[in-house]
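Student: A single structure is presented below for examination.
The values are calculated or read from the model by the stated rules, or taken from the named source; none is laboratory data. Note that the coordinates shown come from a computational prediction; the quantities given were computed from them, not determined experimentally. Here Cβ is always computed from backbone atoms with ideal geometry, including for glycine, and neighbour counts include all displayed protein chains. To get the accessible areas, we keep the full protein, side chains included, count just its heavy atoms, and leave off ligands, DNA and RNA. Shrake-Rupley method; radii C 1.70, N 1.55, O 1.52, S 1.80 Å.
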Amino acid sequence: MKLDVVLGLQWGDEGKGKIVDYLAEKYQMIARFQGGPNAGHSIHFDGKKYVLRSIPSGVFRKGTTNIVGSGVVLDPITFRSECEAIEAAGIPLKQRLYISKKAHLILPTHKIIDAAQEAAKGKSKIGSTLKGIGPTYTDKTGRNGLRVGDCIAPGFKERFDTLKAKHLDYLRSFDFEFDAEEHEEEWMDAIGYLKQFRLIDGEYFVNESLDNGISILAEGAQGSMLDIDFGSYPFVTSSNTICPGACIGLGIAPSRIGRVWGIFKAYCTRVGSGPFPTELFDETGERLRQGGAEFGAVTGRPRRCGWLDLVALKYSVMLSGVTDLIMMKADVMDSFDTIKVATSYIVDGQPCDIFPFDTQADIQPVYREFSGWKKPLSGVQSESEFPEEFKAYIDFIESELKVPVRIVSTGADREQTIVR
Ligand code: IMO
Ligand code: MG
């Protein structure tokens, strides 16, 4: 059996929660492969909204096994409150969720370091969600980190204290006020809670499941343009958000990858700093923000909004070998007279059709304009009911990306999903 992957192709917030929840019906297992509580995957059903941070978006489906993979960084405190909210909704979470022992733990001092580093960067700050993501991955690659499996091994508290002491040493070089003890007790309690879950050797579990014919969907967080290696560095997150990240984050071979579902919004958003060539600073940007409720699920920050960027999207499709596209939130543009799409750039005065290395460069998008469809998509039941102008928009995207748009979402609810 091959493992399918679903990931975001832009700067995050593409609507992964809704789609993974929707696709979860077709898979027996959902596995998160990277990121941590910087993610906010919103799921709407039965008139309620749930925001998942570290937990895979398949937990609401009966009969689905969910895995927090080795590539994830887990904050026990956030994890616990996330779990308790789901359990309060009557979901038997401890039966449905497994956690890889190799996932790294976010300590309270990782979050303090995140905040201190951002404050020190001043104007050039990344716009981090301040969940301790960067410092935790830094400790992982620096070979200092604590992993989930360590919490059931002897000497855990000593190892915690050693790492904390290193952090406090490092923090002395910052002019930054903090209280290192503020969340420690709560964190230790949350470790106790975490131990109630099945802690597994994730790589064996996933590979054996595939051997036994279990269908698995690997769920990415963030978006391809936030990838640590290929995103708009340094304005990125600290993990590999592209498809190879699923191999590393779950411990599976590249030859085991099957379909790669790539999710994109019919326009673009970005939260935090960094280049965003098609960003709109005008009334149209505001219409996208209000119409699309473009405010961060994690931080509440207003998201930067702009037109669809096919240069960036092509790049993401290439990096992940996307086989199937999923288009989200076109309904937000239902009342627009015209819709623009960037097909190339002018970079420092020169024509350019790749995403430039230099994040300081002057990037001007070259647009192609489309007529709006001016009809509500929200009630559409099948592809045949799509307005002609909307079909033309999809056709153009497919012809540029050379990948079919298989699913079109026309609203936040599970039901508002059209398969082509
Ligand atoms: P989901 O999974 C959108 C952005 C932050 C910041 C940069 C680095 O919901 O799509 P970090 O906290 O990782 O150090 O922040 O990445 N960012 C996201 N933007 N959606 C996300 O996740 C994000 N996770 C991180 O805003 O610019
Ligand atoms: Mg988000």
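Student: Hey, among G47, G63, G36, G71, which residue is touching a Leu at 6+ places or on another chain (Cβ under 9 Å) and away from ligand 1 (no atom under 13 Å from the Cβ)?
Tutor: Going through G47, G63, G36, G71 in turn, just one is touching a Leu at 6+ places or on another chain (Cβ under 9 Å) and away from ligand 1 (no atom under 13 Å from the Cβ): G71.
Student: Output the number of the condition that N38 fails; it satisfies all remaining conditions of (1) outside any loop (DSSP other than H, G, I, E, B); (2) open to solvent by 10 Å² or more (accessible area, probe 1.4 Å); (3) at pLDDT 95 or above.
Tutor: Every listed condition holds for N38 apart from (1).
Student: Out of P275, P302, which single residue is open to solvent by 40 Å² or more (accessible area, probe 1.4 Å), within 14 Å of ligand 1 (Cβ to nearest atom), in contact with a strand residue (DSSP E or B) (Cβ under 9 Å, 6 or more places away or on another chain) and modelled with pLDDT of 95 or more? Steps first, answer last, please.
Tutor: Numbers: P275 fails: open to solvent by 40 Å² or more (accessible area, probe 1.4 Å).
Going through P275, P302 in turn, the sole match is P302.
Student: Could you please tell me which pairs satisfy a Cβ distance under 8 Å, a separation of 6+ or placement on different chains, a first residue in the stretch 39-54 that is of a type in the set (G, A, S), and a second residue that is more than 15 Å from ligand 2 (Cβ to nearest atom) and in a loop (DSSP other than H, G, I, E, B)?
Tutor: These pairs meet every condition: S54/D75.
Student: Every residue in the stretch 283-299 that is open to solvent by 70 Å² or more (accessible area, probe 1.4 Å) and either of a type in the set (D, E) or under 18 Å from the mean Cα position of the chain (by Cα) (or both), please. Can you show your working first?
Tutor: Our first condition is that a residue be open to solvent by 70 Å² or more (accessible area, probe 1.4 Å); within the stretch 283-299, this holds for 283, 286-287, 290, 295.
E283, E286, F295, listed by residue number.
Student: Scan the stretch 236-259 for residues that are buried (at least 21 other Cβ atoms within 10 Å of the Cβ) and either out of contact with any Phe, Trp or Tyr (no Cβ under 7 Å at 6 or more places or on another chain) or among the charged types (D, E, K, R) (or both) and report the count.
Tutor: Let us first name the residues in the stretch 236-259 that are buried (at least 21 other Cβ atoms within 10 Å of the Cβ), namely 236-243, 245-246, 249-250, 252.
Next cut, either out of contact with any Phe, Trp or Tyr (no Cβ under 7 Å at 6 or more places or on another chain) or among the charged types (D, E, K, R) (or both) only: 236-237, 240-241, 243, 252.
Result for the stretch 236-259: 6.
Student: Among the residues of the stretch 125-135, is there at least one that is more than 14 Å from ligand 1 (Cβ to nearest atom) and within 29 Å of P234 (Cα to Cα)?
Tutor: Step one: of the stretch 125-135, the residues more than 14 Å from ligand 1 (Cβ to nearest atom) are none.
No, that holds for no residue.
Student: Also: Kindly list, by first and then second residue, each pair from a residue in the stretch 78-102 that is farther than 17 Å from A31 by Cα and among the β-branched types (V, I, T) to a residue that is open to solvent by less than 60 Å² (accessible area, probe 1.4 Å) and not in a loop (DSSP other than H, G, I, E, B), limited to pairs with Cβ atoms under 6 Å and residues at least 6 apart or on different chains.
Tutor: Close Cβ pairs satisfying both conditions: I86/L93.
Student: Among the residues of the stretch 176-211, how many are open to solvent by 40 Å² or more (accessible area, probe 1.4 Å), touching a residue at least 12 places away in the same chain (Cβ under 8 Å) and part of a loop (DSSP other than H, G, I, E, B)?
Tutor: Total satisfying the criteria: 7.
Student: Working carefully through the options I133, I43, I112, I106, find the one that is within 16 Å of ligand 2 (Cβ to nearest atom), under 18 Å from Y170 (Cβ atoms) and among the β-branched types (V, I, T).
Tutor: On the way: I43 fails: under 18 Å from Y170 (Cβ atoms); I112 fails: within 16 Å of ligand 2 (Cβ to nearest atom); I106 fails: within 16 Å of ligand 2 (Cβ to nearest atom).
Testing whether each residue is within 16 Å of ligand 2 (Cβ to nearest atom), under 18 Å from Y170 (Cβ atoms) and among the β-branched types (V, I, T) leaves just I133.
Student: Could I ask something else about it? With I407, I397 as the choices, which residue is crowded, with 18+ Cβ neighbours inside 10 Å and either out of contact with any Asp or Glu (no Cβ under 9 Å at 6 or more places or on another chain) or modelled with pLDDT under 95 (or both)? Spell out the reasoning first.
Tutor: Values: I407 fails: either out of contact with any Asp or Glu (no Cβ under 9 Å at 6 or more places or on another chain) or modelled with pLDDT under 95 (or both).
Exactly one residue qualifies, and that residue is I397.
Student: A further question follows. Evaluate the following for A266: is it more than 11 Å from ligand 1 (Cβ to nearest atom), open to solvent by 50 Å² or more (accessible area, probe 1.4 Å) and aliphatic (A, V, I, L, M)? Give the steps one after another, and end with the answer.
Tutor: Working: more than 11 Å from ligand 1 (Cβ to nearest atom): yes; open to solvent by 50 Å² or more (accessible area, probe 1.4 Å): no; aliphatic (A, V, I, L, M): yes.
Against the criterion (more than 11 Å from ligand 1 (Cβ to nearest atom), open to solvent by 50 Å² or more (accessible area, probe 1.4 Å) and aliphatic (A, V, I, L, M)), A266 does not qualify.
Student: Hey, any hits in the stretch 79-93 for a residue that's among the hydroxyl-bearing types (S, T, Y), crowded, with 20+ Cβ neighbours inside 10 Å and either assigned to a strand (DSSP E or B) or modelled with pLDDT of 90 or more (or both)? Working first, answer last.
Tutor: Taking the stretch 79-93 and keeping what is among the hydroxyl-bearing types (S, T, Y), we get 81.
So of that shortlist, the ones also crowded, with 20+ Cβ neighbours inside 10 Å come out as none.
Taking every residue of the stretch 79-93 in turn, none turns out to be among the hydroxyl-bearing types (S, T, Y), crowded, with 20+ Cβ neighbours inside 10 Å and either assigned to a strand (DSSP E or B) or modelled with pLDDT of 90 or more (or both).
Student: In addition: Among the residues of the stretch 193-234, count how many are hydrophobic (A, V, I, L, M, F, W, C) and under 12 Å from Q34 (Cβ atoms). Can you show your working first?
Tutor: Taking the stretch 193-234 as the starting set, the residues that turn out to be hydrophobic (A, V, I, L, M, F, W, C) are 194, 197, 199-200, 205-206, 210, 214, 216-218, 221, 225-226, 228, 230.
With the extra rule that they be under 12 Å from Q34 (Cβ atoms), the set shrinks to 218, 221, 226, 228.
Total satisfying the criteria: 4.
Student: If you don't mind, there's one more thing I want to ask. Failed condition for S128, given (1) modelled with pLDDT of 95 or more; (2) crowded, with 24+ Cβ neighbours inside 10 Å; (3) not acidic (D, E), with all others met?
Tutor: (2)
Student: Here's something else I'd like to know. Is it the case that the stretch 112-120 has a residue that's free of Cβ contacts under 8 Å to residues at least 12 places away in the same chain and surrounded by fewer than 19 Cβ atoms within 10 Å (Cβ to Cβ)?
Tutor: no
Student: Of these, D348, D331, which one is surrounded by 17 or more Cβ atoms within 10 Å (Cβ to Cβ), modelled with pLDDT of 95 or more and not hydrophobic (A, V, I, L, M, F, W, C)?
Tutor: Working: D348 fails: surrounded by 17 or more Cβ atoms within 10 Å (Cβ to Cβ).
Step by step, each of D348, D331 is checked, and only D331 is surrounded by 17 or more Cβ atoms within 10 Å (Cβ to Cβ), modelled with pLDDT of 95 or more and not hydrophobic (A, V, I, L, M, F, W, C).
Student: Sort out which residues of the stretch 1-33 are among the basic types (K, R), open to solvent by 10 Å² or more (accessible area, probe 1.4 Å) and either away from ligand 1 (no atom under 16 Å from the Cβ) or assigned to a strand (DSSP E or B) (or both), and write them in order of number.
Tutor: Once the filter is applied, which keeps residues that are among the basic types (K, R), open to solvent by 10 Å² or more (accessible area, probe 1.4 Å) and either away from ligand 1 (no atom under 16 Å from the Cβ) or assigned to a strand (DSSP E or B) (or both), the stretch 1-33 yields K2, K26.
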